[in-house]
1. Among [x] 1.16; [y] 1.01; [z] 1.33, which one is Cα Rg over 2.2 N^0.38 Å computed from these coordinates?
2. Spin-label point model (7 Å from Cα, Cβ direction): what's the THR35 to GLU52 distance in nm?
3. Carbon and sulfur atoms: what percent of the 1.4 Å accessible area of the chain do they account for?
4. If you keep only loop residues by DSSP, which chymotrypsin sites (Phe, Trp or Tyr not before Pro) in segment 38-74 have at most 12 other Cβ atoms within 10 Å of their Cβ?
5. Could you report the chain's accessible area per residue, 1.4 Å probe, as an integer in Å²?
6. Which GluC sites (Glu not before Pro) in the chain pass both tests, a DSSP loop state and at most 15 other beta-carbon atoms within 10 Å?
7. By how many nm would the segment from LYS15 to TRP70 grow when fully extended, if each residue of separation counts as 0.36 nm and the alpha-carbon distance is taken off?
Amino acid sequence: MSMEKDYSHTITYNKTGFIILKPVRDETHFIPWDTIETIIYGDSRIYHDHEEFIIYLSEPPVITLKQNAWWLNKMFFG
């Protein structure tokens, strides 16, 4: 049995926007739908080894730190 945490980024969404959870930095990024100006998708035919989304926003995302964040993440937040 592995005792390691899952440090993958997670994206969820609802009717107000979408949320990116960054467990390594103990951060939550909230992006409201009405701040998205453009989304560009590049598939593996263009980049050959990966796919990506580039999202242009009219305002920065709302970034919050978890209440019980690691001390080093608290020190470098913001």
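The values are calculated or read from the model by the stated rules, or taken from the named source; none is laboratory data. Predicted model, so just to flag it, every value in this text is computed and none were measured. Reconstructed Cβ throughout: ideal geometry from the backbone, glycine too, with neighbour counts over all protein chains shown. The accessibility values were calculated without ligands, DNA or RNA, using every heavy atom of the protein model including side chains. Shrake-Rupley method; radii C 1.70, N 1.55, O 1.52, S 1.80 Å.
1. Only one option fits the structure, namely [z].
2. 2.1 nm
3. 58 percent
4. Working: sites: TYR41, TYR47, PHE53, TYR56, TRP70, TRP71; in loops: TRP70.
Sites meeting the loop and neighbour criteria: TRP70.
5. Result: 86 Å² per residue.
6. Loop-located and lightly packed - GLU4, GLU51.
7. Stretched out fully, the LYS15 to TRP70 stretch lengthens by 16.7 nm.
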